[in-house]
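Notes follow once the structure below has been shown.
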Amino acid sequence: MTVGAPPNSATCPVCLGFPGTLPVLNREAVALAMRLALAVGATVHEDSRFARKNYFYPDLPKGYQISQYDRPFATGGGIEIDTPSGPKKIRLVRIHIEEDAGRLLHENPFDDVPPSLSLVDWNRAGVPLVEIVSEPDLRAPEEAAAYLTELRRLLRYTGASDADMEKGNLRCDANVSVRPTEDAPYGTRAEIKNLNSIRFVAKALEYEVGRQADLLSRGERIVQETRLWDVARGRTVLMRSKEEAHDYRYFPEPDLGALVVDRAWIEETARSLPELPRARRSRLISQYGISPGDAETLVSARELADYFEEVARSAPARAAAAWVTGEVLRWMRERKVSPEDALSFPVSPERLTGLLAILEAGKISASSAKEVFAVMLDSSGDAAAIVEERGLGRISDASALDVVVSDVVRENPSQVALYRSGKTQTFAWFVGQVMKRTGGRADPLSVREALTRALA
Amino acid sequence: MATADEVRSRRRSAEDTLADALTRVEAVDGRVGAFLEVTPDLAFQEARAADARVAAGEDLPLAGVPFAIKDNMWIAGREATCASRILRGFHPPADATAVSRLRRAGAVFVGRANMDEFAMGSSTENSSAQLTRNPHDLERIPGGSSGGSAAAVASGMVPAALGSDTGGSIRQPAACCGVVGFKPTYGRVSRYGLVAFASSLDQIGPLTRSVADAARVYRVVAGPDPLDSTTAGEDPADPESAAGRGVRGMRVGFLVEAEAEGLDDEVARNLGEARRLFESAGARVTPVSVPRAPEAIAIYYVVASAEASSNLARYDSVRYGPRPSCRDLASLYVESRTLGFGPEVKRRILLGTFALAAGYYEAYYGRAMRARAVLSHDFASAFEQVDVIVCPSIPTPAFKIGEKTEDPLTMYLSDIFTVPASLAGLPAITVPSGFSKAGLPLGLQILGPRFGEEPVFAAAGAFEREIALPDETPRGVRT
């Protein structure tokens, strides 16, 4: 891949469309497109065709884009999302394979190039991509965001893409129209471009719905047009109207033959797909008895759920879920480790399992466990050794606890008087004092027993 | 191939062979104008490399053979301009696959041959650089678009050349200049490094002075290439042996549609002579019909122009080519293309753009593609009855320079006999078949079924032996 490489350092005569060059289809691109198509339940066509989409633009090296038109790679399928009124399937029209264009740099970063000049970076040109077209089934900006989130998760689960919107590896054009009532025909739509985060998609749609509703309420008409999301001003602006729309003059790409994939390849790909996020979420809930909230968090990345299941093999599932969605994720964020890299996180599932075993056995308190976890991040020692080394084991010696309890009682006569006068809610304050002095290592139950005796 | 065999057997060095070729170029190309550029320094390097490899014991099928290469193919170290202003200064990054295969076989590249701009034309008059003249009559066109390649071979400057054929661009000039020109089955020869005109039709092939030489060059350049997804079939088996095999018992079909009314008298007589020669060589001569053949020109100008309009969109002067100074993006496009392309190229781009436009696609491009499929089917049926199909290569001998430049439609009809094989992707060869009364060459065309190069070479070789034309230097280039 070419993301992040210096401009024009990752290109070649074919990608630059040099006269005399010819395209060749990338087999890996077909394999990845097939994984995605099968994951969303689309029908992969054994015979699909490439076509040329002709238009002039300085970032388009050949003056046409190799795409698919009347015979796309896959059709149908859908993506399920959660909405306040329950799960909803967003149907897909098609998935087709095409090549990317280059990228224009309008604000060029070079001191020796006049600012009035736009530059072209060709690194992306010729890189294969898939375009996924959905049916008009989305009814709210939040649904669009949920759809994109789920799509992104599927792209990552299937390994089809890292789907990083900031890097442009997942891009979205959103079409939106409004209508007076649910059963009225669709209104005229506008297409919004330049949406490089899911948050912007939702914001742009919200703005655009408002703009169109305003126009209609003032008795004006919506015109079909392409609009750009202006991030700085938080609004959509006109890019081109329908009259300026291209006639792409599609025709079959003569340089590439039919894309023929055999049944066996499709079946083998289907068999090799991982368990998909929503199915996995259901299974985690039923198999481990964890909360839907934790399950959703765990399946946000396949590797994070793998991490959890590895821990849950030999540790109690709910504790495992609590730790993975709590401490593990917190530290991942802190250390800038993405959930997709969970399996290379410094505290491996095996080491976390060791820590949870000590915790469950009552050998350390919950707060000590967090301390041990923090130490484990930067050392290779196992949890037991760290507990030993740092003296974080639980105070289980009753006489040692009694000393602390009697100290607390002796040093706080007024609180004791208050408690004994009937303000029993101050008991928690005493517990807190004892825990503080023992560094959280005392067993809460033993503390309560000792305090009850001492305050009686 | 005599030149190669002399160098292979070390009777003569590649370097001496090249020196002789350059002497001949020096002597006659001022009159002919076949070469856009001669590159002696690079060619001598190549000749010395071939000599060294022969000395090291390598068996090179084209050892030291000096080639002219049509200016729409990549030769490492030389420009490739398609005889167009818009590609002036374009240096390709490597050899075209076909050129690289010639190089591997020991060939030497004398220079870049003139052509109609972007291979669009039938007279080489559409070159932005210069005229090329017919070595048989310097007042006449050499045919086109591979006119430079044909004239260079015909006038004895080089024994072989590469041309490209989209609707007849190898066969028509070869016939006009009295040499052999062969267009292989579409998909036989890699198009990688051939600047595209119409991708579903373009095919590289040899122009030579004998059928056996064409077979040798074809054998070297043909075969699948991972860089061109449209290459197909296997490496050719042994076309040179096929050329010597003879036609006894072979079913040779004469195309009925070619002999319809309006056929030039001299061409008709020439065809009749060819029929007698095939019969005396032992072939079973029969008439054969390809009913849609007369529609080929109409189909061709829609399909080829449509593909060209897209293939030539890349010439926007953003990445290469002369960049006019201009105010904004639209004027960059308009000015670079207005200045860079000649009138015929513009005409085809406009035609093709129109044929693909929304609302016209079905009426033009869609319909043409369906008719093309029917034509291919017609040919497939015909080849159930015959092994090869014979028809003239050109409807008239070479016309005078300037005679048809004002009348593009008449010019387009120059390809009437060559376009059908192009549309159906068939192998087709033109073999010199004698001269008109005015002393201008005529050509006989032989078509085979897809990937049926061997019967084509067999029939062509037999015809060449039967007619036994004397090996004379064309009168325009006698020294």
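The values are calculated or read from the model by the stated rules, or taken from the named source; none is laboratory data. Computed from a predicted structure; not experimentally measured. For neighbour counting, all protein chains shown are included, and Cβ atoms are generated from backbone atoms with ideal geometry for every residue, glycine included. What goes into the accessible areas is simple: the full protein's heavy atoms, side chains included, and nothing from ligands, DNA or RNA. Shrake-Rupley method; radii C 1.70, N 1.55, O 1.52, S 1.80 Å.
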Using only the alpha-carbon atoms, what does the protein assembly as shown span along each of its principal axes? Please give whole angstrom values in decreasing order.
137, 77, 60
Tell me the total accessible area that A and B bury against each other, 1.4 angstrom probe, in square angstrom rounded to 100.
2600 Å²
Report which residues of region A:251-280 become buried by 20 Å² or more of accessible surface when going from the isolated chain to the complete set of protein chains (1.4 Å probe; DNA, RNA and ligands ignored).
A:F251, A:P252, A:P254, A:D255
Mind checking B:304-314 for the average number of partner chain beta-carbons within 10 Å of each residue's beta-carbon?
5
Chain-alone versus full-assembly comparison, region B:212-241, residues with accessible loss of at least 40 Å² (1.4 Å probe)
B:S229
By accessible area (1.4 Å), largest first, B:R292, A:R318, A:R221, B:R209 order as A:R221, A:R318, B:R209, B:R292
Ordered by number, the residues of region B:57-96 that have at least 20 Å² less accessible area in the complete protein assembly than on their own chain alone (1.4 Å probe) are B:W74, B:F90, B:P93
With a Förster radius of 30 Å, plug the Cβ-Cβ distance of B:E26 and B:A52 into 1/(1 + (r/R0)^6) and report the FRET value to the nearest 0.05.
0.70
About its Cα centre, chain B carries a charge dipole, from +1 on Lys and Arg Cβ atoms and -1 on Asp and Glu Cβ atoms, whose size in debye to the nearest 20 is 420 debye
Label A:R221 and B:R276 with points 7 Å out from Cα along Cα→Cβ: what is the distance between them in nm?
7.7 nm
Could you tell me the distance between the Cα centroids of region B:140-210 and region B:350-426, to the nearest Å?
17 Å
How much of the accessible area of region A:108-150, probe 1.4 Å, is carbon plus sulfur, in whole percent?
57 percent
Taking every DSSP bridge whose two residues both lie in the protein assembly as shown, the antiparallel percent to the nearest 5 is 75 percent
When every alpha-carbon pair in region A:264-309 is counted, what percent end up more than 13 Å apart?
55 percent
Carbon and sulfur %, accessible surface of region A:247-377 computed with the full protein complex present, 1.4 Å:
52 percent
Largest-first ranking of A:K193, B:K400 by accessible area, probe 1.4 Å, whole protein assembly kept, is B:K400, A:K193
Ranking B:S317, B:S381, B:A21 by how far each Cα lies towards the positive end of the charge dipole of chain B (+1 on Lys and Arg Cβ, -1 on Asp and Glu Cβ), the top one is B:S317
Summed over the other residues with a beta carbon less than 15 angstrom from that of B:A129, with K and R at +1 and D and E at -1, the charge totals -2
Give the long-range amide H neighbours of A:Y250: residues separated by 5 or more places, or on another chain, with amide H under 5 Å away, using H modelled in the peptide plane at 1.01 Å from N.
A:N54
Around B:D137, which amide H atoms from residues at least 5 apart in sequence, or from another chain, sit under 5 Å from its own amide H, with H modelled in the peptide plane?
B:G476
Carbon plus sulfur fraction of accessible area for chain B, probe 1.4 Å, in percent
52 percent
Calculate the length of the line joining the C-alpha centroid of region B:57-117 to that of region A:312-370, in whole Å.
66 Å
From the Cα centre of region A:28-99 to that of region B:436-453, the distance in Å is 48 Å
Those GluC sites (Glu not before Pro) from region B:366-432 that are DSSP loop and have at most 12 other Cβ neighbours within 10 Å turn out to be B:E406
Expressed in µm² per second, the diffusion coefficient of region B:124-190 from the Stokes-Einstein equation, with Rh the Kirkwood radius over alpha carbon pairs, at 4 °C and 1.567 mPa s, is 110 µm²/s
Report the net charge of residues surrounding B:L194, where surrounding means a beta-carbon distance below 14 angstrom and charges are Lys +1, Arg +1, Asp -1, Glu -1.
-2
Residues with amide H under 5 Å from that of A:L105, placed H, sequence gap 5 or more
A:L119, A:V120, A:D121
What does the accessible area per residue of the protein assembly as shown come to in Å², with a 1.4 Å probe and no ligands, DNA or RNA counted?
42 Å²
Please identify the GluC sites (Glu not before Pro) of region A:1-92 that satisfy two criteria: DSSP loop assignment and at most 15 other Cβ atoms within 10 Å. Which are they?
A:E46
Judged on accessible area alone, 1.4 Å probe, highest first, B:Y360, A:Y419 line up as B:Y360, A:Y419
Please compute, for peptide A:53-64, the average count of beta-carbon atoms on other protein chains lying within 10 Å of each residue's beta-carbon.
5
What figure in square angstrom, to the nearest 10, would you give for the accessible area of B:R48 with a 1.4 Å probe?
120 Å²
Cα-Cα longer than 21 Å, checked against A:K167/A:K242; A:K62/A:K242; B:K346/B:K404, kept in input order, equals A:K167/A:K242; A:K62/A:K242
